[in-house]
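The values are calculated or read from the model by the stated rules, or taken from the named source; none is laboratory data. As the structure is a prediction and not an experimental result, all values here were calculated from the model. Cβ atoms come from the backbone with ideal geometry, glycine included; neighbour counts cover every protein chain shown. Quick note on the areas: whole protein, heavy atoms, side chains included, nothing else; ligands and nucleic acids left out. Shrake-Rupley method; radii C 1.70, N 1.55, O 1.52, S 1.80 Å.
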Amino acid sequence: QVQLVESGGGSVQAGGSLRLSCAASGYTYWRTCMGWFRQAPGKSREGVAAINSDGSTIYADSVKGRFTISRDNAKWTLHLQMNSLKPEDTAMYYCAAAGRGRCSAPNIRGDFWGQGTQVTVSS
């Protein structure tokens, strides 16, 4: 069974940075669309960034210019570099993977999900 495990969350002040990681296992071929979602209390889950196996990326408008998604296919690892963090970025962040196909939007088809890692940005 596919498993995704996030790490790297924490508490930072506004303007700071965090780097999230997602380790995947259980794939027979790890070259599908993958992405990061976030969900704050009382809000719906939002796709923030997505990446294809060829490295092409898609970002939500709210994070463009601040977040960078990347993947290491050889290591089966996904990353999200988060810079210039704002209090409104505070949320639980989830790693997700599509079972097949390419990403067409940051809100990807999530067939597999991680458990989440908390990001808290204070002002």
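Across GLU46, GLU88, GLU6, the residue with the most accessible area heads the list, and the full order at a 1.4 Å probe is GLU88, GLU46, GLU6. Along the Cα-to-C-beta direction of SER122, a point sits 7 Å from the Cα; which residues of the stretch 3-40 have their amide N less than 17 Å from that point? Within reach of a label on SER122: 9-18. Backbone geometry of the stretch 34-46 corresponds, through the Karplus equation with coefficients 6.51, -1.76 and 1.60 at θ = phi - 60°, to 3J(HN,Hα) couplings of 9, x, 10, 10, 9, 9, 9, x, x, 10, 6, 6, 10 Hz, x marking Gly and Pro.
The equivalent ellipsoid of the stretch 11-78 has semi-axes of 23, 13, 13 Å, largest first, where each one is the square root of 5 times an eigenvalue of the Cα gyration tensor.
Which of the chymotrypsin sites (Phe, Trp or Tyr not before Pro) found in the stretch 50-79 are in a DSSP loop and have at most 15 neighbouring Cβ atoms, other than their own, within 10 Å?
TRP76
About the centre of its Cα atoms, the stretch 2-88 shows a dipole size close to 60 debye [charges on the beta carbon of Lys, Arg (+1) and Asp, Glu (-1) only; nearest 20 debye]. Most simply put, the chain has about 90% antiparallel DSSP beta bridges, counting only bridges with both residues inside it.
Near LYS86, the amide H atoms lying under 5 Å from its own belong to GLY15; only residues 5 or more places off or on other chains count, and H is placed 1.01 Å from N. Per residue, the accessible area of the stretch 2-123 comes to 49 Å², computed with a 1.4 Å probe over protein heavy atoms only. Coupling constants for the stretch 108-123 follow from the phi torsions by the Karplus curve (6.51 cos²θ - 1.76 cosθ + 1.60, θ = phi - 60°), and in residue order they are 7, 6, x, 7, 9, 9, x, 7, x, 9, 7, 10, 10, 10, 9, 9 Hz; glycine and proline get x. Each of CYS95, GLY26, SER44 was scored by the projection of its Cα onto the charge dipole of the chain, and the greatest displacement toward the positive side belongs to GLY26; charges sit on the C-beta of Lys, Arg, Asp and Glu. Annotation: the chain has a Kirkwood hydrodynamic radius of 14.1 angstrom, from the mean reciprocal C-alpha pair distance.
Subtracting the Cα-Cα distance of ARG31 and LYS86 from their residue separation scaled by 0.36 nm leaves 16.6 nm. The label-point distance for THR77 and SER17, in a model that sets each label 7 Å from Cα toward Cβ, rounds to 1.6 nm.
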